[in-house]
Amino acid sequence: MNIIDEISKIGIVPVIALDHAEDAEPLGRALREGGLNCAEVTFRTAAAADAIRILSQTFPDMCVGAGTVLTPAQVDAAVAAGAKFIVSPGLNPTVVSYCVEKNIPIVPGCSSPSDIETALSFGLDVVKFFPAEAAGGLPMIKAMSAPYTKVRFMPTGGINAANLNDYLAFPKIVACGGSWMVSKDLLAARDFDTIREKTREAVRTMLDFKVVHVGINAENEASALAIANLFGAAFGFGVKVGNSSIMAGKGVEVMKSNGRGEKGHIAISTKSVDRAVYHLEKQGIEFDYDSVKKDEKTGRMKVIYLKESFGGFAIHLLQEA
C-alpha cells in the first residue's frame, strides 16, 4: 500500500504544530490510542524535525509526514528525520520539482485551476486544497473536479467534526487534514487524555456506524412469512417479500432459509466500508474477504462480513446509501 492509499484509508490527517519535541511521544501515543495512526507535523516551529524523528523512531508503523514545507532544505530535514510524505501550503515549483526528482511523495497546496495544471505538469494527481473553507470549500472542489477528472484532493483549513463527512462523502477527496483534535490549547496544556478522546470521537464521527437491520434466520419461506407477519401485525410494519428474504419494515429482515450466523445477522452501515475495515482491523477485528461485494462503478467495498459472530449473529458492514 503506497502512502497516499494509506492516508485515504485513515481518512483524517491530524495537522500538528509542536513547540516542544518531548511532547511528540505522548502525542503520538494519544493519536494512536484514539484511532489515528497518522500525523502531519508542520515546520512552523523549530521542534518540527526532532518531533518527526521521535514519532518515526518510537512508532515505526505510523504514517508521519511533514507539513508547511517551504524549501528543499526543509524537505531534506524532514526526510532525514523520517517523514514519509511532504505537504506544502502552496505549490512552489522548486520544492515540488525537488521532491519529484527524489521520488519523495508530496502533496502541494492548490486553490485554483492554474495550481492544479502546474501540479499535473509534475505528474501529480493528489493535491492539498488549502485553505479549504476560505477558498470556497466543497463547492469549489467539486467545480474544479469537473475538468480535472483524475485529480484527488486533501482539503485542509476549516475542517472540523461538523463538516468532515460532507467533504469525505465526495469521492475525489482522499482524506481531510485538521487540527480540531490537536488544537494549540490542548497541546500547550499537554492534555493528551483529551486529545485521545477527541481523536476517538473524530474517528467515530467519520465512520458513523449505525444498525440498519437485523436478519432473523427461518427454516423456510412459510416460516419466514409468519415471522414477518408477526412484526407487521404488532407494529404496523409493511411486509415485503424478496427473493431470499422477507422485510418487515426497514429494520427486520427474515431469511427464507438459515443463512449466516446461528440466529441470523446484523447489518451495520458506515460512511465508508473500506475505511471502516482498515480501522477495525487495526483493533484486531478480522474479516471474511470471501464475503466482499463491491460497487461496480467505484470498485469500493459495499458489503463485508466479520469472521466472528456476536451473540450468535453474523455481522456485516454495509455502505451507507
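Measuring how big region 210-319 is from its alpha-carbon positions, Rg and Dmax come out at 14.8, 44 Å. The relative contact order of region 210-319, computed from alpha carbon pairs under 8 Å that lie at least 6 residues apart in sequence, is 26 percent.
Exposed loop sites here mean GluC sites (Glu not before Pro) with a DSSP loop assignment and at most 13 other beta-carbon atoms within 10 Å; the chain contains its longest site-free run at 1-218.
In region 47-145, the C-alpha radius of gyration followed by the widest Cα-Cα span (Dmax) gives 14.2, 42 angstrom.
Which of the DSSP-defined H helices in the chain satisfy a minimum axial length of 20 Å, computed from C-alpha atoms, and a minimum mean Kyte-Doolittle hydropathy of 1.0? Please report the intermediate quantities before stating the final value.
On the way: long enough: 192-207 (22 Å, -0.69); 221-235 (21 Å, 1.35).
Membrane-span-like by this rule: 221-235.
Note on region 246-304 and region 1-35: Cα centroid distance 28 Å, given to the nearest whole angstrom.
For region 141-178 versus region 38-91, the spacing of their alpha-carbon centroids is 23 Å.
As a check on your grasp of the helix formula, calculate [θ] at 222 nm for the chain: sum -39500 (n - 2.57) over DSSP H runs of n ≥ 4, divide by the residue count, round to the nearest 500. Taking each H run of at least 4 residues, the total per residue is -10500 deg cm²/dmol. With the contact rule set at Cα under 8 Å and sequence spacing of 6 or more, what percent relative contact order holds for the chain? Rounded, it is 13 percent for the chain. Computed about the Cα centre, the dipole magnitude for the chain is approximately 680 debye when only Lys and Arg (+1) and Asp and Glu (-1) carry charge, each at its Cβ. The three principal axes of the Cα atoms in region 1-54 give end-to-end lengths of 30, 21, 15 Å, sorted in falling order.
Annotation note: trypsin sites (Lys or Arg not before Pro) in region 188-276 located in DSSP loop regions with a Cβ neighbour count of at most 11 within 10 Å are LYS250.
The orientation-averaged projected area of the convex hull spanned by the Cα atoms of region 159-256 comes to 9.9 nm².
Listed as lacking a disulfide-compatible partner in the chain: CYS99, CYS110, CYS176, by the criterion of no other cysteine Cβ under 4.7 Å. Compactness of region 134-214, taken as the C-alpha radius of gyration over 2.2 N^0.38 Å, stands at 1.31. Computed over the chain with a Gaussian network model linking Cα atoms closer than 10 Å, the most mobile of ASP19, ASP61, ASP274 is ASP61.
Scanning residues 5 or more positions from LEU318 or on other chains, those with amide H under 5 Å from its amide H are ILE268, SER269, THR270, with H placed 1.01 Å from N in the peptide plane.
Listed by chain and number, the lysines placed with their C-alpha closer than 29 angstrom to that of LYS150 are LYS9, LYS84, LYS102, LYS128, LYS142, LYS172, LYS271, LYS293, LYS294, LYS297, LYS302; residues fewer than eight positions away on the same chain are left out. Between VAL75, VAL303, VAL241, the GNM of the chain built on Cα springs shorter than 10 angstrom shows VAL241 fluctuating the most.
Every number in this text was worked out from the coordinates using simple rules, so none of it is lab data. The structure presented is a predicted model; accordingly, all values stated were derived computationally and were not measured. Cβ: placed from backbone, ideal geometry, glycine included. Neighbour counts: every protein chain shown.
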